[in-house]
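In what follows, a structure is listed as structure tokens, so that the remarks can point back to it.
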Amino acid sequence: MHTGGDYHSVAGGPGADMTAKANLEYNLRHGVRHLTISVSDRREGGGWDPDNLKRMKDNCDRYGVVFEAIRMQPTYITLPRGAERDRELETVVGNIRKAAQVGVRVITYHWTVIPIRRNETRPGRGGSTYAAFKLENNWRDLPTGSSGRVSSEEYWERITRFLERVIPAAKESGVRMACHPYDPPGLPFGYQGADNWDSPSVFDAIRRYESIVDSPYNGFQLCLGTAGEGLKNPKSEVLPIVQYLGERGKIHQIHMRNISGGLHNFAEVYPDEGDMDFFRVMRILRDTQFSGSICPDHMPRHPDDPGGLQAFACGYGYIHALIRSVNSEAEPA
């Protein structure tokens, strides 16, 4: 396992190329040699531009950085049954093949029919600000999202169709598909019109998701903070989730995000100060032979650090130390 970097913090300012010199050197200075790049460009007729993928791969190669994964946009899940959804599904299959051609072995994705939900900020240490969420007493009065009413049955139909078409193609190309849970899990059915797939129980939903097409190519970008947001006692209840997926080889990437609180009331905090016991999580990852990236995620922000580069540097160092610590336990005396 290794520390990974992604699209949440990019040196060079808003809209900067993740494979430009500034960002590659930023990551290398902090010991990060594996990147997950968000790719949303589409050529006429749909799909990722293979020339652009190759350009990014070549840029990474010049600096000794691994173009490890791509974050895919969630367009498919927002579409009802019909020709447009079928075309989007075939675009995804084509993108998997293009990713494989440049050596990318993981595609991550985040199924959102309503946006990620945060409705508060809370003060943090050193003048930083923590993004937070507390379930509204009047949540039934919130406006329906742009996808309209999406029932649990419809949501799972979309997921099933996706997995049954995409996972065989992913296996053929040697690319692992990594689903990020909806953030936050456990929202009441009907929240902004959606019966989210990871509600009411995030663990039950994860087990259902991976069993639809039981394949090592159907796994998760397991965000520890997101999983914790759906649990009453994140410190203890997240461990069986990590153990279950780790033993089955279904964790393809980790987001190491910490929170204070839990189900329906939480704040995103620095990795060393929340309710999660990441050292115990790391031992499970080590013992189940997880070999992917562990990425800092949703770090607190401060006016003196508008791009989050300082915060994410802190996260990189924290993950490096955890990896070394748990691996040192397993070394012969």
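Give the residue that is nearest to E273 (Cα to Cα), with candidates limited to residues of segment 223-247 that are among the small types (G, A, S) and crowded, with 23+ Cβ neighbours inside 10 Å.
Initial filter on segment 223-247 (among the small types (G, A, S)): 225, 227-228, 230, 236, 246.
Right, trim to crowded, with 23+ Cβ neighbours inside 10 Å and you get 225, 227-228, 230.
Values: G225: 13, A227: 17, G228: 14, G230: 19 Å.
Taking the candidates together, the pick is G225.
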Quick check: anything in segment 175-189 in a loop (DSSP other than H, G, I, E, B), among the acidic types (D, E), touching a Lys or Arg at 6+ places or on another chain (Cβ under 8 Å) and surrounded by 21 or more Cβ atoms within 10 Å (Cβ to Cβ)? yes
Reported set for segment 126-152 where residues are over 28 Å from S260 (Cα atoms), outside any loop (DSSP other than H, G, I, E, B) and in contact with a strand residue (DSSP E or B) (Cβ under 8 Å, 6 or more places away or on another chain) is V150
Restricting the search to segment 288-313, which residues are part of a helix (DSSP H, G or I) and free of Cβ contacts under 8 Å to residues at least 12 places away in the same chain? Q310
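In segment 191-202, which residue that is under 24 Å from G262 (Cβ atoms), over 16 Å from the mean Cα position of the chain (by Cα) and not hydroxyl-bearing (S, T, Y) is surrounded by the most Cβ atoms within 10 Å (Cβ to Cβ)?
Applying the first criterion (under 24 Å from G262 (Cβ atoms)) to segment 191-202 yields 191-192, 194-202.
Applying the additional criterion that residues be over 16 Å from the mean Cα position of the chain (by Cα) yields 191-192, 194-196, 199-201.
Those still in the list that are not hydroxyl-bearing (S, T, Y) too: 192, 194-196, 200.
On the way: Q192: 20, A194: 25, D195: 20, N196: 29, P200: 16.
Per the criteria, the residue is N196.
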Working only within segment 64-123, note down all residues that are crowded, with 19+ Cβ neighbours inside 10 Å, assigned to a strand (DSSP E or B) and either among the acidic types (D, E) or out of contact with any strand residue (DSSP E or B) (no Cβ under 9 Å at 6 or more places or on another chain) (or both). E68
Sole exception among (1) under 25 Å from Y318 (Cα atoms); (2) out of contact with any Leu (no Cβ under 8 Å at 6 or more places or on another chain) for G193, by number: (1)
If a residue has to be under 19 Å from M299 (Cα atoms) and part of a loop (DSSP other than H, G, I, E, B) to count, how many in segment 17-55 make the cut? 4
Contact list, first residue from segment 161-173 and over 18 Å from I70 (Cα atoms) and surrounded by 19 or more Cβ atoms within 10 Å (Cβ to Cβ), second anywhere and modelled with pLDDT under 95 and of a type in the set (S, T, Y), beta-carbon distance below 6 Å, six or more apart or interchain, is none
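The values are calculated or read from the model by the stated rules, or taken from the named source; none is laboratory data. Here the structure is a predicted model, which is why all the values come from computation and not from measurement. Neighbour counts run over all protein chains shown; Cβ positions are idealised from the backbone, glycine included.
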